[in-house]
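Okay, structure first, notes after.
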Amino acid sequence: MFTFAGIGFTAPWLLLGLIALPILWLLLRAVPPAPIRRRFPGVALLLGLSDEDQQSDKTPWWLLLLRTLAVAAVIIGFAGPVLNPDDRVPGSGPMLVVMDGTWADARDWPRRVARVGEALEAAARDGRTAAVVTLTDLPEGDLPFQAAEAWAQRLPSLVPRAWGVDGDAAVEWAEGLSGAFETLWLSDGLEQDWRAPVLAGFETRGAVRVFESPRPVLALAPARFEDGAIALSARRATPGQEQTVEVSGRGLDPNGVERELARAPLTFAAGETQAELALSLPPELRNRITRFQIEGVRSAGAVSLTDDGLKRREVALISGRDDREALQLLSPTHYLQQALAPTADLIDGSLDDVLLANPDVIVLADVATVTEAESTALTEWIDQGGLLLRFAGPRLAASDISRDAEDPLMPVRLRAGGRSVGGAMSWGEPKALRRFGDTSPFFGLTVPGDVTVNAQVMAQPDPNLAERTIASLADGTPLVTRKRVGQGQVVLFHVTANAEWSTLPLSGLFVQMLERLAVSTRPARPSAQDLAGTTWTADMVLNGFGQVEDAGTVPGIKGEALAAAVPSPATPPGLYAGEDRRIALNVISDDTTLSATTWPARIPVEGLAVTRETLLKGALLSLALGLLALDVLASLWLAGRLRGARTVAVALGLALFIPQGGEAQTPEDTFAIEATSEVVLAHVITGDTALDDIAAAGLRGLSETLFNRTSIEPLEPIAVNLETDELSFFPFLYWPVTPDQPLPSQEAYGRLNTYLRTGGMILFDTRDGDVAGFGGGSPNGRKLQQLARALDVPPLEPVPSDHVLTRTFYLLQDFPGRHNSRDVWVEAAPPDAQSVDGMPFRNLNDNVTPVVIGGNDWAAAWAVDMRGNRMFPVGRGFAGERQREIALRFGVNLIMHVLTGNYKSDQVHVPALLDRLGQ
Amino acid sequence: MSHAADLRAHGETLAGPLPALLADAQHLAQSVVLGAHGRRRAGMGDEFWQYRPAMPGDEARMIDWRRSGRSDAHFVQEKEWQAAQSVLLWVDNARSMEFTSDKARPTKAARARLLAMAVSILLVRGGERVGLSGLGLPPRSGPVQLLRLAAAISDTGDAPDFGAPEARGMLPRSRALFVSDFMGDPAPVTAALTKAADRGIKGAILQILDPQEEAFPFDGRTIFESMGGSVRHETLKAGDLRDRYLERLAARKAMLADLARATGWQYHCHHTGQSAASALLWLFGALERDH
């Protein structure tokens, strides 16, 4: 590369073109600017005038300089200048770029991709082939060496994975490589035991360079529940100075919107790689959290999904024999409390009280009957997803519940009395449990041999007994039965919850069964045995950047496999859903430790920040373009063409190059400003153009009348589209009714109702006062009923003679438009409106009537064209003009009423005030 | 013809604020027609002028008996001699008048027609007879004549690049108004004005110019063309021509003013950038003035 003053040139021979510049200078000087043709009547006076200087206008020197500079910039630009040229000896042979592509890479992925891009660019300049490989996504077969440019184009499609590198596969792959190539390894900065063999594999093929980001690797371990608080633990790879990170818990709020629910700082002490935090949250909040993440770190390792392990179920324990004086161990709920206390929040109280708390599970231990009200409430609660867990006992056995007909709160019918086996007074041995069937939720649990049942209640052999049985004794009699009700279920253990009838509550199986029924929640990561026999499917998965994505349809995996799973392509980290439970598989597990890489001294390690080569070609060509644009302006100016409107156009063109700082006014803003700068009357767009024009003309006429006669000075009326426009700007809407106008949408109705409730007024005009009375006899009237059905219209009455509309400006008793019907309806006065002695008017409602309904075609009577002439005849002769005048007066009164409310109503007190003043 | 109607409406608007324009009626026997103009002398008319003692030769029916009954002598009532004045307009309709340097500004032709119509309206309102010079539209009075005038001066037809005044058909001792930019050959103007002066016609010349024609704000290599394209002039440095152009324009104006002075006419130069009302005021004064 030819280098000059710190700038290298990729194509230095092109610089010879600069020699041509002086020739260009001479050529440009010789050519005069093109003439302008101009129409000008004064040419007659110019005839015979000759130019004093016969030589043409020369291009001024500065314009020549401008053009020469532009051409020079083009020549230099195409010569390929490079700032900070990389002077290293160009490598030869193929180059392999290896990226780890793990979750730890995601934190500065764009910078890594940019670094790979730089390397590929360098390779492309040297004409080398290259291959880009991510270790999480190993290529099949030979290394895909291609032209470096081809790889550069595919760079944006590379993504980091949410799992680590499969060490064995990577080592095998590295050892199987063949050929000679140079390697550039972008490591994620975490020490792994497979790194050394893989490095050795690369070194046998050629030189290896390593790039590592200096940014620390941070990871968040799964949240645990410890001592009533959430224990969070963060890891970092390099022990260093004290560092504080923010950890936030996110989840759905009651409205179903995901938001940050908790946030706490987490501090790594100096020299430590682990930081702990105990986060105490209210149970309601805690149960909502779906994931914790380290703020500001974009990596799957910084996110830990939470599952049922963090959720604490609320379990209500209710037993029928609380009042009995007995040993603690004989209490019906003692073993349940022992089993559930570590993993669930227990609620005590009467059934009424606990139902209010809406627990997840209600346990009825030997409770036979409940009141009818309680039964109804319980059924409803089960329907909505509650789990009713019942245990048998002497009371249940003695009662008649679910004897002849199945009780809604029992899964099966029971036979009277129950049975007792293996006791002193009975034949036979105590019965053991049979292995769980594969349809049972307990499938996979091992049955200990020492669990025996002495007594139980017996289920009636009904047709559906078999499918409801989820656990049975060795002789086939049901031990646990279940019935699904709505979204919830009713489960009955046919034995007691204490050790009276069986040894089941004493065994570990009891706890496991409760867990499988989702009564208790598992304390920690489930073991393979806990999950044996279950199938799980991914619900949500994490991508490498720590974003939660929908998993789509993926095959389910065995519970045993899930228990032992580490994040991998087959089991991506995410949330796995089983029958009633969800298990999170996180990138970081409890026993993950992070440590920084150590490379052999012979390997050169660079940080990501290097001095970049900067290609100046684009900048120079832009400069040339800019100079040429300036040249256009200057030439125009010289030729005298840059005047008047053109100057404005050019200034506008220049303004395009200036970054736009201000925010342009949106059409909505313009509309709002137009509608609110003055009082504006508005009409609703009906879709019938002729009708809309009449409405606009009518409001224009009314506006003019108001302007001339009153202090209201409205602007030009505005047409309002109910679907898109904001209504609250308008005090008054005129709505002509036509049979074929479309009904507004639900949202529009919502806005209209708000408008009516907050003081707006709509004047409905059916325009058929000449042929139809009020009440829907005409097509327009029926359409009005349809339109107004969804509106919040108060009770109506014909305008009473003392309504404030009759005297807001003019004294009126008739409200004619083009028709003279008396049917004009307004909001009814309250029934208790009182007439005060000596007052001509009642004290009527305090508000502006939200609607005025009539059919007098007012707009036609008010309408004026653009010249101010009346558009439609009203009546005949003088009487007609009088009617039009009254119509206008009605309009004035109406607008006055809208704008001043019942102000004129208050004037009824004037006589009293005058009287008090002694007048 | 909506264009004519618009023109008339605008003319009405402009003429509104002024009192009725009464042209100064010269002593002119031939063109006497009874009208609203008192001639300050006894003659035929409607208005009372004076009583004079009856003279021998007065017919008995001419004696004003009411006045005579109050004295011993006989008196005759004389009326004031009233006559209408004819005013002839020439509005240049040449292509050069269609020029305007700015879209927001009216063309010279539009301004000329507007002023002509305004003056016509004032004259008609004052009872005068207005017509076009030439043989197209002889002077008549009355509002219908305004319609005909508006139609006639709005008719551009195919016009030459530069106009020449029409001096035919001018009634002797009437009044005349020439409106043009007077950019073309000055010889026809001189001839027309001389001919008019020979017939005792007095009047006004209104020169209408665009502001650009006064400023000549051009630069660089330019080919100037007349509006019709018949005349063209190329220059390499338009800026250098400015001074000489302005000299020539001033000379043309001076020539027109001299010509007007010599023939007893009035001259005024009006720019389309100015208010039309100022030009109308001047016209009002010029046609009213008594010479």
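Some notes on this structure:
- For B:His291, the stated conditions do not hold, so it cannot be described as within 27 Å of B:Ser174 (Cα to Cα), at pLDDT 90 or above and away from chain A (no Cβ under 12 Å).
- Residue in the stretch B:100-108 that is surrounded by fewer than 24 Cβ atoms within 10 Å (Cβ to Cβ), part of a helix (DSSP H, G or I) and either within 14 Å of another protein chain (Cβ to nearest Cβ) or without any contact (Cβ under 8 Å) to a residue 12 or more places away in the chain (or both) present: no
- Selection of the stretch B:178-230 for residues being acidic (Asp, Glu) and either within 12 Å of chain A (Cβ to nearest Cβ) or under 30 Å from A:Pro60 (Cα atoms) (or both) yields B:Asp181, B:Asp185, B:Asp210, B:Glu213, B:Glu214, B:Asp219, B:Glu225.
- For the stretch B:230-238, the count of residues that are crowded, with 22+ Cβ neighbours inside 10 Å and modelled with pLDDT under 85 is nonzero.
- Every condition in (1) assigned to a strand (DSSP E or B); (2) farther than 20 Å from A:Asn543 by Cβ holds for A:Leu281 except the one numbered (1).
- Odd one out for B:Asp243, checked against (1) surrounded by fewer than 21 Cβ atoms within 10 Å (Cβ to Cβ); (2) of a type in the set (Asp, Glu); (3) within 7 Å of chain A (Cβ to nearest Cβ): (3)
- Output for the stretch B:161-185, where each listed residue is of a type outside the set (D, E, K, R), surrounded by 21 or more Cβ atoms within 10 Å (Cβ to Cβ) and closer than 20 Å to B:Ala251 by Cα: B:Phe162, B:Gly163, B:Pro165, B:Phe178, B:Val179, B:Ser180, B:Phe182, B:Met183, B:Gly184
- Candidates A:Val132, A:Val98, filtered to the one that is touching a helix residue (DSSP H, G or I) at 6+ places or on another chain (Cβ under 6 Å) and either in a strand (DSSP E or B) or crowded, with 16+ Cβ neighbours inside 10 Å (or both): A:Val132
- Residue in the stretch B:140-152 that is closer than 22 Å to B:Gln266 by Cα and surrounded by 18 or more Cβ atoms within 10 Å (Cβ to Cβ) present: no
- Selected residue (criterion: nearest to B:Met183 (Cα to Cα)) from residues of the stretch B:51-96 that are out of contact with any strand residue (DSSP E or B) (no Cβ under 7 Å at 6 or more places or on another chain) and not in a loop (DSSP other than H, G, I, E, B): B:Ser96
- Residue check, A:Ala564 modelled with pLDDT under 80 and more than 27 Å from the chain's Cα centre (by Cα): yes
- Some residue of the stretch B:79-97 being of a type in the set (Lys, Arg), free of Cβ contacts under 8 Å to residues at least 60 places away in the same chain, over 23 Å from B:Pro211 (Cβ atoms) and away from every other protein chain (no Cβ under 14 Å): yes
- Matching option when the condition is more than 22 Å from B:Gly203 (Cβ to Cβ), crowded, with 17+ Cβ neighbours inside 10 Å and modelled with pLDDT under 85, among B:Glu47, B:Glu80: B:Glu80
- The selection criterion, being within 13 Å of chain A (Cβ to nearest Cβ), of a type in the set (A, V, I, L, M) and assigned to a loop (DSSP other than H, G, I, E, B), holds for B:Ala164.
- Here A:Trp735 fulfils each of the conditions (1) over 21 Å from A:Asn721 (Cβ atoms); (2) in contact with a strand residue (DSSP E or B) (Cβ under 6 Å, 6 or more places away or on another chain); (3) not basic (Lys, Arg) apart from (1).
- Tabulated pairs, the stretch A:457-468, first farther than 19 Å from A:Ala416 by Cα, second modelled with pLDDT of 85 or more and buried (at least 18 other Cβ atoms within 10 Å of the Cβ), C-beta under 7 angstrom, 6+ apart or interchain: A:Arg468/A:Pro411; A:Arg468/A:Val412; A:Arg468/A:Thr481; A:Arg468/A:Arg482; A:Arg468/A:Lys483
- Only a single item in (1) modelled with pLDDT of 85 or more; (2) assigned to a loop (DSSP other than H, G, I, E, B); (3) small (Gly, Ala, Ser) is not met by A:Gly141, and it is number (1).
- Residue within the stretch A:679-688 that is outside any loop (DSSP other than H, G, I, E, B), out of contact with any Asp or Glu (no Cβ under 7 Å at 6 or more places or on another chain), more than 17 Å from A:Glu716 (Cβ to Cβ) and at pLDDT below 90 present: no
- Only one of the numbered conditions (1) touching a strand residue (DSSP E or B) at 6+ places or on another chain (Cβ under 6 Å); (2) in contact (Cβ under 8 Å) with a residue 40 or more places away in the chain is violated by A:Thr446, and that is (1).
- Of the residues in the stretch A:152-170, none is at positive phi, touching a residue at least 40 places away in the same chain (Cβ under 8 Å) and within 42 Å of the chain's Cα centre (by Cα).
- Residue match in the stretch B:258-266 (condition: more than 28 Å from B:Asp158 (Cβ to Cβ), within 29 Å of the chain's Cα centre (by Cα), exposed (fewer than 14 other Cβ atoms within 10 Å of the Cβ) and within 14 Å of chain A (Cβ to nearest Cβ)): no
The values are calculated or read from the model by the stated rules, or taken from the named source; none is laboratory data. What you are looking at is a predicted structure, and each value in this text was computed from that prediction instead of being measured. Cβ atoms come from the backbone with ideal geometry, glycine included; neighbour counts cover every protein chain shown.
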